[in-house]
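The values are calculated or read from the model by the stated rules, or taken from the named source; none is laboratory data. Computed from a predicted structure; not experimentally measured. Counting neighbours? That spans all protein chains shown, and the Cβs are built from the backbone with ideal geometry, glycine included. With ligands, DNA and RNA removed, areas are computed over all heavy atoms of the protein, side chains included. Shrake-Rupley method; radii C 1.70, N 1.55, O 1.52, S 1.80 Å.
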Amino acid sequence: MSVSWLHVAIIVFFIQGLILFAIVPFLLSRLLAHRVKAHELKMPFECGMPPHGSAWMRFGINYYFYALLFLAFDVDVLYLFPVSTYYIDANQLVAFIKLLIFLLILFASVVFFWKKGVFTWPRKIKM
Amino acid sequence: MMDLIFFPWQLFVIFVGLAGVMAFVGLNGLLLVYLDRKIAGFIQRRVGPYEVGPQGILQPVADGLKLLGKQIFTPKGADPALYWLAPMISITPAIVVFIAIPFGPNLQVINTNVGLILILAFTGINVLALCLGGWASQNKYALLGAARDIAQSVAYEIPLLLSVLPIIFLTGTFNLFDIASGQGAWPWQWYILHQPVAFLIFFVCILAETNRSPFDLPEGESELTAGFHTDYSGMAFALFFLAEYSYMVIGSCLIATIFLGGFQGPIASGAWWFLAKVYILLLIMIWIRWTFPRLRFDQLLNICWKWMIPIAVVNLLVTLAVISL
């Protein structure tokens, strides 16, 4: 595999961005900032009261459902990206009909979820 | 694809571009903080920052220095590695993205034919950073803010992609330079007139992806204190803010390149036209922020699923039909 300048540029920009915009400010802050040790300093903010229990609690499974919905959609939309660069050169009518079928099936999924009542944000989604 | 054995002229270009991009990001951060506060002041019939320098122009520098002097510490119970990684992950991709943006006819770090994909891919990393930051800081407000941010960014990613697609079907390229130079110099030759619906959807999605008002629920002050960065102080907080403003600039650069003709203008095309367009878009974003009230969360997601995605799909279909018939 040949190395293109784009790869070099991405790596250089990433490393320099990490050093100059992320690590150097922290080091400078470490040098310049005062350091106080107080008992309550490191307490997580919860309106001034001592935090009640851990923040790492469980979430409703509904959120997982929306994530799946997104994943299905995003992957389907990504299929359109390679098609889009070639569309102008393609046999237009046949390509259009194929894409029409693809997009209608994609859109049918939104209609399906709509009818299922997913977008009324119920507490529990019935499958 | 060039051979690395020859004189590395491209390497020189990369390093000069790197210096330019870093200066651009830093200056934009300072300028946008000032503009945001000053315009907020004028809209609310105050003067805004006024004391530091003439008309308060040095206020962002003072803010930055103050944040530099603040103590940085890890909250009790937080996951230290993830906690410190989050602001770094947030700011670094913002630098990388500027590789592909054509600022002017000869002002682009690398003219690449995957420019748009590169930008869409790297800006997606920001969601991960906010997720890590909110999760690792062991704070309930931060966790709620992060959860909201993920739901929002994930939902608005789809209309964003769907509204970019018509332009790519029209031009047949991901090369941002080609997209910009494919449009004419005059406003009626820009793609905004070919694709007004896509432009509106794209603009709203950029607002939502960068967590700007009226979509700033992840950091809604009135309910979540400060959202995902509640427990971040000093420089970490500053990095999150610099990243947010950088992503605003990147979004405006994308809109200007794809829909508004990029660096082309009626007289004397060049980088100044590009910067003028970007700054007009940024000012509109700031204006929107101080004008519209915040949405409720189910409204936010319903606008995306019930309006934006169907309209974007129909727009794409109409575009395809027009191209092929």
Inset, instruction - Any chance you could list the semi-axes, whole Å, largest first, of the equivalent ellipsoid that the Cα gyration tensor gives for the stretch B:13-117, using √(5λ)? - result: 30, 25, 13
Legend entry - Packing-based order for B:31-42, B:86-97, B:293-304, using average beta carbon neighbours within 10 Å, highest first: B:86-97, B:31-42, B:293-304
Inset, instruction - For a quick protection proxy, order the peptides B:124-137, B:9-22 by their average other-Cβ count within 10 Å, most packed first. - result: B:124-137, B:9-22
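Looking at the stretch B:57-103, which trypsin sites (Lys or Arg not before Pro) are DSSP coil and have at most 14 other C-beta atoms within 10 Å of their C-beta?
Loop-located and lightly packed - B:K76.
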Legend entry - Charge dipole magnitude, Cβ of K and R +1, D and E -1 - chain B, Cα centre, debye nearest 20: 600
Inset, instruction - With all protein chains present, calculate the accessible area of A:Y86 using a 1.4 Å probe and round the result to the nearest 10 Å². - result: 140
Legend entry - Shielding by partners - mean other protein chain Cβ count within 10 Å, residues of B:234-247: 2
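Report, in debye and to the nearest 20, how large the dipole of the protein assembly as shown comes out about its Cα centre when Lys and Arg carry +1 and Asp and Glu carry -1 on their Cβ.
1040
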Legend entry - Solvent-accessible area of A:V36 with every protein chain in place, 1.4 Å probe, in Å² to the nearest 10: 70
Inset, instruction - Anything over 31 Å Cα to Cα? Flag those among A:K98/B:K306; A:K115/B:K140; A:K115/B:K277; A:K42/B:K66; B:K38/B:K70; A:K42/B:K38, in the order listed. - result: A:K115/B:K140; A:K115/B:K277; A:K42/B:K38
Inset, instruction - Treating cross-link reach as a plain straight distance, find the aspartates and glutamates whose alpha-carbon is under 18 Å from the alpha-carbon of A:K37, omitting any fewer than eight places away in the same chain. - result: B:D231
Legend entry - Centroid-to-centroid separation of the stretch B:38-101 and the stretch B:219-287 [C-alpha atoms, Å]: 13
Inset, instruction - For the stretch A:47-116 and the stretch B:109-179, write down the distance between their C-alpha centroids in whole Å. - result: 14
Legend entry - Probe 1.4 Å, all protein chains present, accessible-area order of B:F241, A:F119, A:F14, largest first: A:F14, B:F241, A:F119
Legend entry - Peptide A:23-31 - average C-beta neighbours from other chains (10 Å radius): 5
Inset, instruction - Can you run the Rg to Rh ratio on the stretch A:61-116? Use alpha carbon positions and the Kirkwood inverse-distance Rh. - result: 1.10
